[in-house]
């Protein structure tokens, strides 16, 4: 059992790493579709393929890392490499000269999401029923605050640095986040169990199955934000103003994450 002081410290560290990673990610996200289509001359179908491939990799990586981390009772070994993979991928984007070069780095970037499920499981273990929503709300707030800061940096630096130099700088925060996790988070759970134990629907309760079904239905109607940013350009927004639109989205997400997380602790989380 982890004491309260250690739990709070670990959650703050996870929050800081998430802040740094999202700062780096959102330094480039508002200009990503413009880089792919304007600089590397890819068409919209190619942009959709690259982004769709990335989302597929996210889903697969989180399933695999979550399952294996539960079996081997180790989580840190998935978390810090995940941040490092995201950092390396941004260097790859910077050196890409045709859109085909982006594919392996996009795979590496989104495979970095192997950190997600083990990190969330670790935060759940560090939380109680009374503060679980608050802790996850704090993590999402730090995510979104990093997105706000990253978008602001994009606005400030893009015209001076251009696409590729900005990508290189965006690699730095995630690298620092990986080092922070590596140095300051202790691997608490030891002991190895059989990794590839059979997995069936019987292992899931009904609420989880229902949640997965509803999430799948929602995902079918979702689309990449890249298309929205391209659409904004076609509506006549100047390229330098497009990050502002994404900034508005990030600010709203930041302001709502912690209050709603805390609210979930006081009632039924399904609401």
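No lab work stands behind these numbers, since they all come straight from the coordinates. Please read these numbers as outputs of a predicted model, since none were measured by experiment. Backbone-built Cβ (ideal geometry, glycine too); neighbour counts: all protein chains shown.
Normalised radius of gyration (Cα atoms, divided by 2.2 N^0.38 Å) for region 79-182: 1.22. Extents of region 1-120, largest first, come to 54, 27, 19 Å (Cα atoms, principal axes, whole angstrom). As a ratio to 2.2 N^0.38 Å, the alpha-carbon radius of gyration computed for region 52-109 takes the value 1.28. Rounded to the nearest whole angstrom, the semi-axes of the ellipsoid equivalent to region 14-79, taken from the Cα gyration tensor as √(5λ), stand at 30, 17, 6, largest first. Descending by average beta-carbon neighbour count within 10 Å, the peptides 63-71, 142-150, 178-186, 9-17 line up as 142-150, 9-17, 63-71, 178-186, the highest first. By the compact-protein rule of thumb, 2.2 N^0.38 Å, the alpha-carbon radius of gyration of region 99-159 corresponds to a ratio of 1.54.
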